[in-house]
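Heads up: the structure comes next, in structure tokens.
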Amino acid sequence: GSSATVTSIVIWNRTDCCGDRLADYWVFVSNTPFGPTDTPSTLQSRTATWSSHQTSMPNPSTTIAVGGAQGRYVRVQLTGTNFLSLAEVQVTGTPISTGSNLALGQTATQSSDYGPTTGAALAVDGNTNGNFSAGSVTATLSGANPWWQVDLGSSATVTSIVIWNRTDCCWDRLADYWVFVSNTPFGPTDTPSTLQSRTATWSSHQTTMPTPSTMIAAAGAQGRYVRVQLTSANVLSLAEVQIF
């Protein structure tokens, strides 16, 4: 019915017989509708479509960790030819705010640019494709506490922040990072250590990488400026940052 951040999917199998029919299947999550002729082969590489290949039959159920993928549509599809029987499919997650993405098209900057086509604006262009070769993933140079930030233009009440990760490789670079919200501008030399205790600055420490995205509840934090910053030294890459 509407887009949600999905955390887990539980598949319940048939139990009177034929349970092995569900021994090789795929689960997909996406905001793009699935077509009647789509196959696991085509959907595995489709932009902004989360996928999971399952090779053990639910007995009677199995829980698949999704890790915060965003989507309105969920599909279960067999890899080969057979009957598909399901007792139940349970999808657990959090509905995404129907409000506007406050970051879309706003002025973004970052601590450094890896190259001429990896600038900060790529994380607010509305494209969540995490494949670097698609041309919509930011990248800084490797350094201490690299950061990316956006100016929302005016102060806002932030309820949630969605971080989209790079997906072709290197996603583990975003496994330990901070998100800050403030009405006070961030300085180029500010670090997570200094910002954690700064007055009127909301912060959240994330230690699980987005796969491909994660939604962070901001609980009504007030701010004009939003920063994403690594805890340590590395390259910072982002596919998209959405602020609601």
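The values are calculated or read from the model by the stated rules, or taken from the named source; none is laboratory data. Here the structure is a predicted model, which is why all the values come from computation and not from measurement. Cβ placement follows ideal geometry from the backbone for every residue including glycine, while neighbour counts extend to all protein chains displayed. Heads up: the accessible areas ignore ligands, DNA and RNA and are worked out on the full protein's heavy atoms, side chains in. Shrake-Rupley method; radii C 1.70, N 1.55, O 1.52, S 1.80 Å.
Some observations on this one:
- For LEU236, the residues whose amide H sits under 5 Å from its own are THR140, ignoring neighbours fewer than 5 places away on the same chain, with H placed 1.01 Å from N.
- Label positions at ALA200 and ASN131, each projected 7 Å from the Cα along the C-beta direction, are separated by 4.5 nm.
- Here the stretch 159-192 is scanned for amide nitrogen atoms under 11 Å from the site 7 Å beyond the Cα of THR117 along Cα-to-Cβ, giving none.
- For the chain, calculated [θ]222 nm from helices alone, where every DSSP H run of n ≥ 4 adds -39500 (n - 2.57): -500 deg cm²/dmol
- More than 18 Å apart - percent of Cα-Cα pairs taken over the stretch 139-244: 42
- Where the chain is the region considered: accessible area per residue in Å², 1.4 Å probe: 46
- Database remark: amide H of ILE216 closer than 5 angstrom to the amide H of ILE161, VAL162, ILE163 (H placed geometrically; neighbours at sequence offset of 5 or more, or on other chains; Pro and chain starts carry no H).
- Around the amide H of TRP147, modelled in the peptide plane, lie the amide H atoms of SER111, SER112, all under 5 Å away and 5 or more residues distant in sequence or on another chain.
- Per-selection metrics, the chain (Cα): Rg and Dmax in Å: 19.6, 64
- The equivalent ellipsoid of the stretch 50-184 has semi-axes of 35, 19, 14 Å, largest first, where each one is the square root of 5 times an eigenvalue of the Cα gyration tensor.
- Placing a label point 7 Å from the Cα of TRP12 along the Cα-to-Cβ direction, the residues of the stretch 69-94 with a backbone N closer than 12 Å are 86-91.
- Extension gain for SER3 to SER45 (0.36 nm times residue separation, less C-alpha to C-alpha distance): 13.1 nm.
- Chain lengthening between SER193 and THR159 when straightened (0.36 nm per residue, less Cα-Cα): 9.9 nm
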